Structures are given as C-alpha cells and as structure tokens.
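Enquirer: This is the structure I want to talk about, given as structure tokens.
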Amino acid sequence: MLDQNAAQEIPGDLAPADREEIAHTTAAVVVHRGRASEDPAVIDRLVRLVEDEGLDVVAGLWADAASNTLPGALWRLYVLRAWVRHDPQTVTLRYRLGVGAAPVSEVVAGAVTPPGPDDLCDLADAVLSGVFTGDLDVALERAGAFCRILAAGAAHDADAREASDDLAASRMTHGASALLRTAEELEHAGALWRAGMLE
C-alpha cells in the first residue's frame with residue numbers, strides 16, 4: 001500500500017483499464033492467498049480487511065467493479081459485513097422482520113433462530129471467511145440469502161412506517177430494493193464462480 005504522501009505525488013488518476021486491472025489482480029490475490037492458507041490468522045486478517053485498511057481503501061480498489069466480477073462480488077461482501085458490524089441492531093430488526101417472508105433464504109443464510117446482533121455479526125464473519133475456507137459460490141449464495149431476508153424486513157418495516165413517516169418509508173423501500181438487487185448480484189456471482197467464469 002502507498003502511504004498518503006506517495007499517493008499524492010502520482011500525477012492524475014489511473015486510466016479506467018488500469019483501475020480495472022488493479023481491481024481484478026488484487027481481488028484474485030486476496031482470494032487465492034486466503035484459499036491457499038491454512039493459518040487462521042491469515043483468514044482473520046482477510047475477513048477484517050476493511051477494519052484494518054479502511055473502507056475507503058477497499059472502495060478505491062473494488063467499488064467500481066461490475067457485480068459479475070470477483071472484485072465486484074468481494075466489494076459487496078465486505079460492504080455487507082461492514083454494515084452488519086456498524087449497525088447490528090438495525091440489521092437484527094430487519095432480519096427478524098424479514099425471516100418469515102423468506103424461509104428458504106433463512107435456511108441458506110444459516111443464522112441461529114432467533115438471531116441477536118452478535119449472532120448476525122458472527123454470521124457475516126462466517127460468510128466472508130467461507131470465501132477463503134469453503135466453497136466461494138456457497139459463501140456468495142449465503143450472502144445473497146442474507147440480503148433477501150434483510151430486503152424483506154426493510155420492506156415490511158417501510159410498510160409499517162408509511163402512515164406515520166412517509167419519507168422514512170420511502171427511504172426504506174429504496175433500501176429494500178437495493179438489498180434485493182445485491183442479493184441477485186451475489187447469487188449470480190456464485191453461479192459464475194461455479195461455472196469457472198467469475199474473474
């Protein structure tokens with residue numbers, strides 16, 4: 001990683017093709033390094049990448065990557081984990097509200113019943129560590145199922161608030177839509193990985 005002073009001395013921004021190449025290269029290195037290691041400390045460092053390097057650094061690498069690419073899928077997984085860790089109370093509420101509407105997704109996500117905030121933080125860690133220690137497609141499908149449940153919960157919460165706070169309900173409905181789109185993107189990335197096409 002470049003330090004702040006060295007980064008500021010680089011003239012101009014990277015060309016889009018260079019940014020894309022860096023995104024793909026770094027994502028492949030992270031995944032292959034994790035999958036090649038049997039050291040739990042390495043896996044823990046990779047799971048905690050956002051906490052150690054900062055969300056902005058990871059965003060600079062992967063946030064612009066398409067959802068059907070390895071860096072795009074990793075970005076979605078890290079953002080999901082960061083949200084769960086940042087606001088576990090809201091995530092738990094949405095999960096509990098949504099689980100009844102998505103029973104199959106509940107099984108795939110694999111949370112305890114009923115989950116508490118710590119349980120969902122553990123689930124987010126387990127899903128992300130599955131990228132490195134298990135089948136990457138399963139990790140992506142679990143994350144997609146988790147997002148489907150949260151989307152259903154956000155939609156339910158929006159319906160309940162519509163009469164008293166239309167603006168908040170509208171924001172929640174938009175958030176539910178974004179979560180559902182993320183779920184679909186993660187599930188699609190899992191299918192691509194199984195087919196050997198997620199790069």
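The values are calculated or read from the model by the stated rules, or taken from the named source; none is laboratory data. Note that the structure is a prediction, hence the values are computed from the model and not measured. As a convention, Cβ positions derive from the backbone with ideal geometry for all residues, glycine included, and neighbour counts pool all protein chains shown. Only protein heavy atoms, including side chains, enter the accessible area calculation; ligands, DNA and RNA are left aside. Shrake-Rupley method; radii C 1.70, N 1.55, O 1.52, S 1.80 Å.
Enquirer: Are there any pairs with C-beta distances below 8 angstrom linking a residue in the stretch 104-116 that is open to solvent by less than 60 Å² (accessible area, probe 1.4 Å) to a residue that is assigned to a helix (DSSP H, G or I) and acidic (Asp, Glu), with the two at least 6 apart or on different chains, and if so which?
Expert: ALA111/ASP119
Enquirer: Another question about this same structure. Mind checking which residues of the stretch 54-72 are open to solvent by 80 Å² or more (accessible area, probe 1.4 Å) and either touching a strand residue (DSSP E or B) at 6+ places or on another chain (Cβ under 9 Å) or outside any loop (DSSP other than H, G, I, E, B) (or both)?
Expert: At the first step, the residues of the stretch 54-72 found to be open to solvent by 80 Å² or more (accessible area, probe 1.4 Å) are 56, 64.
Correct list: ASP56 only.
Enquirer: If you don't mind, there's one more thing I want to ask. Tell me which residues, restricted to the stretch 5-53, are modelled with pLDDT of 90 or more, acidic (Asp, Glu) and either farther than 21 Å from LEU198 by Cα or exposed (fewer than 11 other Cβ atoms within 10 Å of the Cβ) (or both).
Expert: To start, the set of residues in the stretch 5-53 that are modelled with pLDDT of 90 or more comprises 20-53.
Those still in the list that are acidic (Asp, Glu) too: 20-21, 38-39, 44, 51-53.
Across the stretch 5-53, the qualifying residues are GLU38, ASP39, ASP44, GLU51, ASP52, GLU53.
Enquirer: From GLU141, GLU199, grab the single residue that is closer than 30 Å to ASP39 by Cβ, among the acidic types (Asp, Glu) and at pLDDT below 95. Give the derivation first.
Expert: Details: GLU141 fails: at pLDDT below 95.
After applying the criteria, what remains is GLU199.
Enquirer: Pick from GLU199, GLU185: which is under 30 Å from ILE22 (Cβ atoms), assigned to a helix (DSSP H, G or I) and either of a type in the set (D, E, K, R) or open to solvent by 70 Å² or more (accessible area, probe 1.4 Å) (or both)?
Expert: Numbers: GLU199 fails: assigned to a helix (DSSP H, G or I).
The unique qualifying residue is GLU185.
Enquirer: Going by the conditions given, is ALA143 assigned to a helix (DSSP H, G or I) and farther than 22 Å from LEU46 by Cβ? Step through it out loud before you land on a result.
Expert: Details: assigned to a helix (DSSP H, G or I): yes; farther than 22 Å from LEU46 by Cβ: no.
The answer is no for ALA143.
Enquirer: Only one of ALA155, ALA169, ALA176, ALA191 is among the small types (Gly, Ala, Ser), within 24 Å of GLY130 (Cβ to Cβ) and open to solvent by less than 70 Å² (accessible area, probe 1.4 Å). Can you tell me which?
Expert: Values: ALA155 fails: within 24 Å of GLY130 (Cβ to Cβ); ALA169 fails: within 24 Å of GLY130 (Cβ to Cβ); ALA176 fails: within 24 Å of GLY130 (Cβ to Cβ).
Matching residue, one of ALA155, ALA169, ALA176, ALA191: ALA191.
Enquirer: Counting only residues that are in contact (Cβ under 8 Å) with a residue 60 or more places away in the chain and more than 15 Å from the chain's Cα centre (by Cα), how many does the stretch 157-192 have?
Expert: The qualifying residues number 2.
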